[in-house]
1. So, in nm, how far is label Ser117 from label Ser84 when the simple model puts each one 7 Å beyond its Cα toward the Cβ?
2. Along the charge dipole of region 46-91, Cβ charges K/R +1 and D/E -1, which of Ser68, Val51, Ser84 sits furthest on the positive end?
3. What order, most packed first, do the peptides 92-99, 111-118, 68-75 have when packing is the mean number of other Cβ atoms within 10 Å of each residue?
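Every number here is computed from the coordinates shown, using simple stated rules; none is lab data. This is a predicted model, so every value here is computed, not measured. Here the Cβ positions follow ideal geometry from the backbone for every residue, glycine too, while neighbour counts run over all protein chains shown.
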Amino acid sequence: MAVALSTSTLRDLGDIKTLPKKEKMFLTKGLKNETLFPVLPTPNEGFEVKVLPSVSIEKLGCKTRRKSGHCQLYIPDIYKYFRSHWPRDAFCVVGITMTDLYPSESFQFVFGQANYSDSIGVFSFARFFLRKQRSVFATTL
């Protein structure tokens, strides 16, 4: 039986609870009268965005390293987890985290990375914060 791929999914990599309330709302609901992913079809067109249950960094089985005082997650291991835990109706899976990311040993860190051929991506909001946990983008919300 064929399943329609009608869902874009967000997966919290276990640490988004540290986000301030406004940013958490932005990630899950978008802005008033706007979608978080404006290039995707809207729910009226049969497409929806689901927030999947949180998965801990430990459960990811992800290689980590410490660089410049920050814990960092290895992106290829995150992709491997997403591929093996794919929702049946998912068009794509996007991970969000408050931990730094790195795609290879030669990189200091990246804000995110997407693999369009596999419809997966992961993005970190770790570097969007200033001292005292004040968000750089909170003033726009």
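1. The answer from the label model is 2.2 nm.
2. Of the listed residues, the answer is Ser68.
3. Sorting 92-99, 111-118, 68-75 by mean packing, highest first, produces 92-99, 68-75, 111-118.
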